[in-house]
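Reading through the structure tokens given below for one structure.
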Amino acid sequence: MFVAMFSLSVLPGASQQQQTRQVKDQILTSTYLPPIRIKFGDDFKPVGTQVFVLYERAQVQQYFFVDADTQTRIIKRMYWVQFEGYLTGVNAKYDYPANETVTIAGQTYLVNAESVPNIWEVVRRMPQSDVERGIKFLQSKGYRMNEAVRYQRFVRLVDEAKRNEMILTYIEDASASSDPLDKEFLTRAQKGFKILE
């Protein structure tokens, strides 16, 4: 059983209780920004979490749930959950066009899907990005990705000031696929997780 726990000091204006996130028995639990419990399917193995400051502007915590080939450890599918918030003193907020949304467990998520023909080119163009750090973390755990991937993102702004967000991304190997990024892909992306509350 994999258990990862992350604690932050009390947020401004919060009570004395500690704010935590942890993974236990396929369930990712966050007590803040947002308070949420997400259960992932048994095919998706939790492989760890990392915390870092992105571009000296935002605090990031990433969690990974991976379905990989047992022999080659090449990732077939995975979920990547990212909690992100601007640091105190950074005058910014998250602003996304609401082109398409879905409602999950009573909450609105902005959604978008994209095919990436060469993930390594993206990493090369975006050094020290959250993408590069995530892929390097997976490599440090012994996992590999094929060049072509496709993803479906679910983005939720979690505070009124729009300074904090949660991004849940479904990623799959696209090296042998030319399927369209349609509602069927969106449905498939939603099948591997369930928001419990």
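Taking the residues in region 146-192 that are among the charged types (D, E, K, R), surrounded by 15 or more Cβ atoms within 10 Å (Cβ to Cβ) and touching a residue at least 60 places away in the same chain (Cβ under 8 Å) as candidates, determine which candidate is nearest to Thr72 (Cα to Cα).
Asp173
Could you look through region 119-144, keep only residues that are among the charged types (D, E, K, R) and surrounded by fewer than 15 Cβ atoms within 10 Å (Cβ to Cβ), and pick out the one that is nearest to the chain's Cα centre (by Cα)?
Here the answer is Lys136.
Does Val66 qualify as being of a type outside the set (Ser, Thr, Tyr) and either in contact with a Leu (Cβ under 8 Å, 6 or more places away or on another chain) or loosely packed, with under 12 Cβ neighbours inside 10 Å (or both)?
yes
Residue check, Arg188 against (1) in a strand (DSSP E or B); (2) charged (D, E, K, R); (3) under 30 Å from Arg124 (Cβ atoms), all met but one. Which one?
(1)
Only one of these is in contact with a helix residue (DSSP H, G or I) (Cβ under 7 Å, 6 or more places away or on another chain) and either of a type in the set (Ser, Thr, Tyr) or more than 25 Å from Tyr96 (Cα to Cα) (or both): Glu147, Glu132. Name it.
Residue meeting the stated conditions: Glu147.
Given the conditions (1) farther than 20 Å from Ala189 by Cβ; (2) out of contact with any helix residue (DSSP H, G or I) (no Cβ under 8 Å at 6 or more places or on another chain), and given that Asp42 satisfies all but one, which numbered condition is not satisfied?
(1)
Select from region 111-134 the residues that are part of a helix (DSSP H, G or I) and either in contact (Cβ under 8 Å) with a residue 24 or more places away in the chain or not acidic (Asp, Glu) (or both) and list them in ascending order.
Those that are part of a helix (DSSP H, G or I) and either in contact (Cβ under 8 Å) with a residue 24 or more places away in the chain or not acidic (Asp, Glu) (or both): Ile119, Trp120, Val122, Val123, Arg124, Arg125, Asp130, Val131, Arg133, Gly134.
Name, by its number, the condition in (1) in contact with a Lys or Arg (Cβ under 8 Å, 6 or more places away or on another chain); (2) surrounded by 12 or more Cβ atoms within 10 Å (Cβ to Cβ) that does not hold for Thr72.
With respect to (1) in contact with a Lys or Arg (Cβ under 8 Å, 6 or more places away or on another chain); (2) surrounded by 12 or more Cβ atoms within 10 Å (Cβ to Cβ), Thr72 is out only on (2).
State the number of residues belonging to region 99-122 that are closer than 17 Å to Ile38 by Cα and touching a Ser or Thr at 6+ places or on another chain (Cβ under 9 Å).
3
Of the residues Ala68, Ala92, Ala105, which is modelled with pLDDT of 95 or more, farther than 20 Å from Gly192 by Cβ and touching a strand residue (DSSP E or B) at 6+ places or on another chain (Cβ under 9 Å)?
Only one candidate qualifies: Ala92.
Restricting the search to region 145-185, which residues are more than 18 Å from the chain's Cα centre (by Cα) and assigned to a helix (DSSP H, G or I)?
Passing the criteria: Lys183, Glu184.
One line per residue, one yes/no per condition, for (1) in contact with a Phe, Trp or Tyr (Cβ under 7 Å, 6 or more places away or on another chain); (2) aliphatic (A, V, I, L, M):
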residue	(1), (2)
Asp130	no, no
Gly142	no, no
Val149	no, yes
Arg156	yes, no
Arg163	yes, no
Asp173	no, no
Asp182	no, no
Gly192	yes, no
Leu196	no, yes
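The values are calculated or read from the model by the stated rules, or taken from the named source; none is laboratory data. What you see is a predicted model, and the numbers here were worked out from it, not measured in a lab. Every residue, glycine among them, receives a Cβ derived from its backbone with ideal geometry; neighbour counts consider all protein chains shown.
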